[in-house]
Amino acid sequence: MIRIITLLVALASLLFVAIGVRWLVDPAGAAPELGLSLSQGLGLITQIGDISSFFLTLGLCIAIALVSKQGIWYYPAIMLLVFAALGRLAAWSVHGAALAVPQIAVEVLVALLLWYASKRLVRVP
């Protein structure tokens, strides 16, 4: 079971890093996958900078947690995912955005996986 959890966590890390890198090198290709169109000027800088940093931080914190076996590194990733899900719910309930159930479900499930990993895939002092 531990190997399966480790594999799932590692795959999540790789996926998030790949998404972050893609935003840096091919934002025009990455944007539609998130339901976005690219902005111009300062909006484009904000999209590329904020979205790439979100996914790179997410993926690298998970990778550091896996390698170091220090559970505390999972918490920033968990927080990013939970706040993203809460932000989607706020966008839907307050601003009339479409309810993105599949995206929210993925964020919550991955956050739960990381929480479980923070308890099971760590070095006991």
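The values are calculated or read from the model by the stated rules, or taken from the named source; none is laboratory data. These figures come from a predicted structure and were not determined experimentally. For neighbour counting, all protein chains shown are included, and Cβ atoms are generated from backbone atoms with ideal geometry for every residue, glycine included.
Taken over the stretch 67-81, the criterion of being farther than 14 Å from VAL110 by Cβ and either in a helix (DSSP H, G or I) or of a type outside the set (D, E, K, R) (or both) is satisfied by VAL67, SER68, GLN70, GLY71, ILE72, TRP73. Filtering GLY43, GLY59 for residues that are part of a helix (DSSP H, G or I), of a type outside the set (A, V, I, L, M, F, W, C) and either touching a strand residue (DSSP E or B) at 6+ places or on another chain (Cβ under 7 Å) or surrounded by fewer than 16 Cβ atoms within 10 Å (Cβ to Cβ) (or both) leaves a single hit, GLY43. Residue-level check: of (1) under 16 Å from the mean Cα position of the chain (by Cα); (2) surrounded by fewer than 19 Cβ atoms within 10 Å (Cβ to Cβ); (3) farther than 20 Å from PRO32 by Cα, LEU114 misses just (2).
Taking the stretch 87-125 as the range and being in contact with a Leu (Cβ under 6 Å, 6 or more places away or on another chain) and more than 21 Å from LEU14 (Cβ to Cβ) as the test, only TRP92 passes. Only one of the numbered conditions (1) out of contact with any Ser or Thr (no Cβ under 7 Å at 6 or more places or on another chain); (2) touching a residue at least 40 places away in the same chain (Cβ under 8 Å); (3) not basic (Lys, Arg) is not met by ALA97, and that is (2).
Residue-wise test of (1) modelled with pLDDT under 95; (2) exposed (fewer than 12 other Cβ atoms within 10 Å of the Cβ); (3) of a type outside the set (Gly, Ala, Ser).
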| site | (1), (2), (3) |
| --- | --- |
| PRO32 | no, yes, yes |
| SER68 | no, no, no |
| LEU81 | no, no, yes |
| ALA84 | no, no, no |
